[in-house]
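The values are calculated or read from the model by the stated rules, or taken from the named source; none is laboratory data. Remember, it's a predicted structure, so these values are computed and weren't measured experimentally. Note that each Cβ is placed from the backbone with ideal geometry, even for glycine, and that neighbours are counted across all protein chains shown. Side chains included, ligands, DNA and RNA excluded: accessible areas come from the protein's heavy atoms. Shrake-Rupley method; radii C 1.70, N 1.55, O 1.52, S 1.80 Å.
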Amino acid sequence: MSDDPKDQLDALSTSFREEVEAALDEDALYAVQVKYLGKKGLVSRQRAHMGKLAPEQRKAFGQAFNQTKGALEQLLAARREALTEAARSLRLARREDLTMLAQRRSAGSLHPITHTRRRLEAVFRGMGYDVLDGPHVEHQQYNFDDLNFQPDHPARDMQDTFFVQGRAGTDVDPLVLRTHTSPVQIRAMLTRPPPVRVIAQGTVFRRDDDATHSPMFHQIEGLCIDRGVGMADLKATLYRFVQAFFGSDLQVRLRPSFFPFVEPGAEFDMQCPFGREPSCRVCKGSGWIELGGSGMVHPAVLDAVDIDPEVYTGWAFGFGIDRMAMLLHAVPHMRLLFESDVRFLEQFPC
Ligand code: DAH
């Protein structure tokens with residue numbers, strides 16, 4: 001290397017530039033910085049030449065030294081910034097992609113019957129009805145006797161069921177798995193003075209078992225007791241209900257029928273929401289769907305709960321919720337509703 005201090009300085013700057021370029025991270029860069037520009041660094045030490053130079057050379061060298069040092073410092077700062085930026089980009093590139101869909105945990109959903117039940121409740125609450133509950137294991141008296149089922153009437157056979165304890169006419173309190181929600185009518189009238197406006201829904205039990213019947217199913221019951229209520233109020237309420245539940249102007253019709261606890265009694269149908277197509281699987285082309293039973297509360301029932309039939313009248317209705325859910329969701333077999341098969345239940349994300 002030449003003895004000329006300026007040459008030496010230039011040579012140092014060249015190797016400095018090379019080493020700065022070669023430094024691939026902050027630590028390496030810092031080492032270069034210390035090596036050349038540190039207190040005892042190679043460049044810093046060049047300053048010592050000043051003392052040995054003739055005064056006329058000293059000024060020029062001083063200027064060259066300061067210029068070179070300044071330039072090297074700038075270079076260092078630029079390289080440092082570039083390294084920081086590169087490290088940041090690398091970090092970002094390695095980071096997980098936040099826009100990727102997270103793995104969803106399956107949260108479950110309401111059972112189609114629960115969903116239907118809640119919708120029914122909401123409609124009747126909106127009309128001013130209270131929602132009642134009743135036990136599944138019921139007094140035979142409430143399930144049959146007080147509802148005017150005579151002990152030997154064939155209507156009892158139609159609802160033959162699971163007797164839990166005792167038999168009517170013995171001392172033991174006869175209990176039965178309730179065959180319908182109608183006993184809640186008795187409970188409501190025994191505990192509330194008229195006027196009564198209630199609905200009750202829940203599980204009921206019978207011996208039936210086929211594509212559209214299950215030994216365990218669900219019903220909803222409505223009861224209204226007041227002065228001067230009649231069949232027209234019953235029909236208007238059913239009409240209102242169907243409108244609210246199905247959201248369209250569907251008619252309701254009553255057909256005379258027998259239930260021991262109503263007189264007159266009627267089955268009620270609603271117009272098929274799918275029109276009157278001969279191929280309709282829901283109404284089978286009749287244009288009507290059978291929903292349930294209804295009628296004016298029998299005076300014998302009012303007597304049984306000490307309500308004077310000369311002062312109060314009332315109407316009641318009851319129908320199956322499962323059938324309703326099957327209609328709404330085109331479920332082909334009732335058992336599907338109760339098998340808890342996730343592949344079936346997943347199809348009802350409500
Ligand atoms: N409880 C009856 C059944 O399960 C349905 C029923 C018919 C309920 C007429 C009523 C009614 O309240 O008035 O078949």
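As an exercise, find the ratio Rg/Rh for the stretch 103-212 from alpha-carbon atoms, using the Kirkwood inverse-distance average for Rh.
1.07
Calculate for the chain the 222 nm mean residue ellipticity that helices alone would give, adding -39,500 (n - 2.57) per DSSP H run of length 4 or more and normalising by residue count, nearest 500 deg cm²/dmol.
Mean residue ellipticity, 222 nm, calculated: -13000 deg cm²/dmol.
In degrees from 0 to 90, rounded to the nearest 10, what is the angle of the helix 5-22 Cα long axis to the longest principal axis of the chain?
20 degrees
Order the peptides 10-17, 109-116 from the highest to the lowest mean number of other Cβ atoms within 10 Å of their residues.
Per-residue Cβ counts within 10 Å, averaged per peptide and sorted highest first, yield 109-116, 10-17.
Okay, which of the stretch 224-260 sit inside 15 Å, backbone N to the point 7 Å along the Cα-Cβ direction of residue 290?
Only 253-259 fall inside the zone, counting backbone N under 15 Å.
Quick one: compute the contact order of the chain, relative version, from alpha carbon pairs under 8 angstrom and 6+ residues apart, as a percent.
Worked out over the chain, it gives 14 percent.
Note the count of lysine pairs whose C-alpha atoms are less than 29 angstrom apart in the chain, limited to pairs 8 or more residues apart or on different chains.
For the chain, the number of qualifying lysine pairs is 18.
Which ³J(HN,Hα) values in Hz, rounded to whole numbers, follow from the phi angles of the stretch 272-279 under the Karplus curve 6.51 cos²θ - 1.76 cosθ + 1.60, where θ = phi - 60° and Gly and Pro get x?
Once rounded to whole Hz, the list reads 5, x, 9, x, 10, 6, x, 8.
Lys and Arg at +1, Asp and Glu at -1: add these up for the other residues within a Cβ distance under 14 Å of residue 66 and post the number.
Every neighbour counted, the sum reads +4.
Looking at the stretch 191-220, which trypsin sites (Lys or Arg not before Pro) are DSSP coil and have at most 13 other C-beta atoms within 10 Å of their C-beta?
Answer in residue order: 207.
What angle, in degrees between 0 and 90 and rounded to the nearest 10, separates the Cα long axis of helix 112-126 from the longest principal axis of the Cα atoms of the chain?
The helix 112-126 is inclined about 70 degrees to the chain.
I need the GluC sites (Glu not before Pro) found in the stretch 16-104, filtered to DSSP loop residues with at most 13 other beta carbons within 10 Å of theirs.
Hits after loop and neighbour filter: 96.
Less than 12 Å Cβ to Cβ from residue 87, Lys/Arg counted +1 and Asp/Glu -1: what total charge do the surrounding residues give?
Every neighbour counted, the sum reads -1.
Suppose R0 equals 22 Å; then what is the FRET efficiency for residue 47 and residue 2 from their Cβ-Cβ distance, rounded to the nearest 0.05?
Step by step, r from the Cβ atoms, then E = 0.80.
Give the accessible area for residue 272 in Å² (nearest 10); use a 1.4 Å probe, count only protein heavy atoms, and leave out ligands, DNA and RNA.
10 Å²
What do you get for the angle between helix 55-94 and the principal long axis of the chain? Use alpha-carbon atoms, 0 to 90 degrees, nearest ten.
With rounding to tens, the tilt is 20 degrees.
Going toward the positive end of the dipole of the chain, with +1 on Lys and Arg Cβ and -1 on Asp and Glu Cβ, which of 330, 49, 11 do you reach last?
Sorting the options by dipole projection puts first 49.
Using a probe of 1.4 angstrom, how much of the accessible area of the stretch 50-108 is carbon and sulfur, in percent?
53 percent
Using a simple charge model, +1 on the beta-carbon of Lys and Arg, -1 on the beta-carbon of Asp and Glu, nothing else, what dipole does the chain show about its Cα centre, in debye to the nearest 20?
For the chain, the charge dipole is close to 2320 debye.
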